[in-house]
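Chemist: Here it is, the structure in full.
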Amino acid sequence: MNINIDKNLANLVLVLTVIAVSTALLVEGYIDMQTYGQIMIAAVSYYFGYGMGQFQNPYPQPSPMEIKHLRRKYIRRICYVFLGAGISLIIEHLVTNGRFDWGDWLGHEWIGLYMVIASMLIIAKLSQRKHGKHQ
């Protein structure tokens, strides 16, 4: 005997059953509100994620060279953010204290200086091509 049930309908019935049973358990006091919330999140995530099938990406899968290029591009962007944050830490310390503390190796100014140096080195390394020429 074959029973043909639509996959979406079966998933909806499954999720509604989980919601109904967990609500009854909450009302009767067998589970607390935090557990109930976790069950609700899991049920809704299942329905909209796995239950609805695989997400169909309209864009083609990037090639390994494109992935490598994008990885380098985003690492450089993050390094530029760190460069700006390091400069900001140095300026903030100079404005608030009026001087550069040479003895405090873990102060704002030194952490900012470390961030600036590290981000500049990484940016310079990522800007080089395989043959050592700059872009």
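Chemist: Being among the aromatic types (Phe, Trp, Tyr) and assigned to a helix (DSSP H, G or I) is the filter; apply it to segment 78-125 and report the residue that is surrounded by the fewest Cβ atoms within 10 Å (Cβ to Cβ). Can you show your working first?
Modeler: Taking segment 78-125 and keeping what is among the aromatic types (Phe, Trp, Tyr), we get 80, 82, 100, 102, 105, 110, 114.
After this cut, where a residue has to be assigned to a helix (DSSP H, G or I) as well, the list is 80, 82, 110, 114.
Values: Tyr80: 12, Phe82: 19, Trp110: 18, Tyr114: 15.
The qualifying residue surrounded by the fewest Cβ atoms within 10 Å (Cβ to Cβ) is Tyr80.
Chemist: Another question about this same structure. Inspect segment 53-71 for any residue being among the charged types (D, E, K, R), within 28 Å of Ile117 (Cα to Cα), at pLDDT 75 or above and under 18 Å from the mean Cα position of the chain (by Cα) and give the result as yes or no.
Modeler: So far as segment 53-71 goes, yes, one or more of its residues are among the charged types (D, E, K, R), within 28 Å of Ile117 (Cα to Cα), at pLDDT 75 or above and under 18 Å from the mean Cα position of the chain (by Cα).
The values are calculated or read from the model by the stated rules, or taken from the named source; none is laboratory data. All values derive from a computational prediction rather than experimental measurement. Please note: Cβ atoms are built from the backbone with ideal geometry, for glycine as well, and neighbour counts cover all protein chains shown.
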